[in-house]
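Written out below as structure tokens is the structure these notes cover.
The values are calculated or read from the model by the stated rules, or taken from the named source; none is laboratory data. These numbers come from a predicted model, not from an experiment. For neighbour counting, all protein chains shown are included, and Cβ atoms are generated from backbone atoms with ideal geometry for every residue, glycine included. Side chains included, ligands, DNA and RNA excluded: accessible areas come from the protein's heavy atoms. Shrake-Rupley method; radii C 1.70, N 1.55, O 1.52, S 1.80 Å.
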Amino acid sequence: MLDVPPSENPGISMQQQQQQQQQPQQRKTSVVGEDAEESRVLIVVTGGTICMQPSEDGLVPAKGFLKTCLAPRPSFNDASYPEPLTLIPDATGHPKPVQSLRTPLSTYGRRVRYSVLEFPHLLDSSAVNASSWDEIARVIQRNYALFSGFVVLHGTDSLAYTSSALSFMLQDLRKPVVLTGSQAPMMMLQSDAHDNLLGALVVAGHFAIPEVCLFFNFKLLRGNRATKVSTDDFDGFASPNLPPLATVSSSRTHVQWDLVLRPPTPGRESAEEDKGEDTLTIQSNLDTAPVACLRVFPGLKPSMLDLFLHTPGLRGLILETFGSGNIPGGPGSPLPQILADAVARGIVVVNVSQCLRGRVSEVYAPARTLRKAGVVFGRDMTSEAALTKLGYLLACGLEPGEVGERMGKCVKGELTEGAGTLFEHP
């Protein structure tokens, strides 16, 4: 076992780090799986570019990912062909033995043993919706006690939406859930798929990061802080308002433990409480159908906004505003009154910036009119996080006022609380 600094210990929690610092005579490295020689990870294949193969109709998701893409590659198969692993594939709850593979020995002196569970119908990520998120969450919940971590393969188009949604749906997460995909299929010669999947697998099998994360181009991002920034660059995702939770170099994975969320902290006085480590609660029925996004633009007509806000069944609106939270027209514009009327009807309106970096604030008069109209300020949330968080809170059955209040507060690390510095001199 490697003797490494506590801040880089694989599979160690923040509480364990503090204990190690207080008791230096103890072993300095603890790994997922209670010092076992291997950890067990479930790879959930939902579809996406990473598992696509050519067809007469172009690239389409293809079945048999383990056999076709992983078994032939030495990085994913040490040729030991271990015994099958047991998983629960569907809602019947019946365990089923499935083929497993094992990685070679890692820098940290352990192997990752894994199995693959493919969706019955593989999806293009442009077709992913709330029911897809529910299916992913339930797969993780059913198999939570059987694996040390989870990797979800997913198309990149809606990957940031899914990682955000799952971060709110998985309620008391204590194990790593890492989503990844690729800009080119695994079977292509020039592809980022190999590095993205291997990096995600190493993180899920070695580090006790109790979050939903997104791994891409050697960076581990908090799932509800990520956004897609390129259609084809291998560096396709960014976390504009939060540094990566971890980065990968040629020698090791560097985890920024001070950024990692702490897991739920029930007491550990009894064996009954310890059993909670392997249980997971999910908030199902998250639905973005009654929620919409609207990007403001120069010349936005009040009648257009009013018509939009009278869409039947609309319960929430993510308003993507200029700069630090401004809308066209300023204080004398009829737009704030239209928004105030919508809020009075029970529609939750959330203000987020069109900019990649920064946050919305009340420093300018147009933004203050939004606050007076009852619009909630989403601080530095991405549009993906704001949309899925709003869908999550509405699914909780809360009243609009309480939904609005919680939208402005940090629930799963999705926003930065506090006023922050608006202007500063050099």
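The range 333-390 and the range 101-121 have Cα centres separated by 44 Å. Of the accessible area of the chain, computed with a 1.4 Å probe over protein heavy atoms only, carbon and sulfur atoms account for 52 percent.
With 0.36 nm allotted per residue and the present C-alpha distance subtracted, the L189-A145 stretch has 12.2 nm of extension available. Computed from phi, the 3J(HN,Hα) profile of the range 170-177 under the Karplus parametrisation 6.51, -1.76, 1.60 (θ = phi - 60°) reads 7, 6, 10, 5, 10, 10, x, 10 Hz, with x in place of Gly and Pro. Could you let me know the centre-to-centre spacing of the range 135-169 and the range 76-92, using Cα atoms, in angstrom? Between the Cα centre of the range 135-169 and that of the range 76-92, the gap is 18 Å.
Computed 3J(HN,Hα) for the range 293-310, one whole-Hz value per residue from the Karplus formula 6.51 cos²θ - 1.76 cosθ + 1.60 where θ = phi - 60°, is 10, 9, 9, 6, 8, x, x, 4, 7, x, 5, 5, 5, 5, 5, 4, 6, 9, glycine and proline marked x. Modelled this way, with points 7 Å down the Cα-to-C-beta line, the labels at Q171 and A79 are 4.8 nm from one another.
Of all the options G48, G401, G299, the one that moves most in a Gaussian network model of the chain with Cα springs shorter than 10 angstrom is G299. Taking V203, V296, V360 as the candidate residues, the one with maximal mean-square fluctuation in a Gaussian network model of the chain, Cα springs under 10 Å, is V296. Between F237 and V229, the built amide H atoms are under 5 Å apart, and every one of these is 5 or more places off in sequence or on another chain. In the range 38-263, taking the dipole from charged Cβ atoms about the Cα centre, the farthest positive-side position among T103, N196, V45 is held by T103.
Would you mind checking the range 286-319 for residues with the amide N under 20 Å from a putative spin-label position 7 Å along Cα→C-beta of E402? 286-288, 290-291, 315-317, by backbone N distance to the label point. Each residue of the range 42-53 was assigned a 3J(HN,Hα) from its phi angle through the Karplus expression (A = 6.51, B = -1.76, C = 1.60, θ = phi - 60°), giving 9, 9, 9, 9, 9, x, x, 4, 4, 10, 7, 9 Hz with x at Gly and Pro. For the chain, a Gaussian network of Cα nodes joined below 10 Å ranks L179, L87, L221 by mean-square fluctuation, and the top entry is L87. Can you give the charge dipole size of the chain about its Cα centre, rounded to the nearest 20 debye, using +1 on the beta carbon of Lys and Arg and -1 on the beta carbon of Asp and Glu? Around 400 debye, computed over the chain. The gain in end-to-end length when the T107 to S284 segment is fully stretched comes to 59.9 nm, 0.36 nm per residue minus the alpha carbon separation.
In the context of the full set of protein chains, residues of the chain present 45 Å² of accessible surface per residue (probe radius 1.4 Å, heavy atoms only). Looking at this model, which pairs from K175/K372; K228/K412; K63/K389; K301/K372; K63/K409 are more than 30 angstrom apart at the alpha-carbon? Table pairs above 30 Å Cα-Cα are K175/K372; K63/K389; K63/K409.
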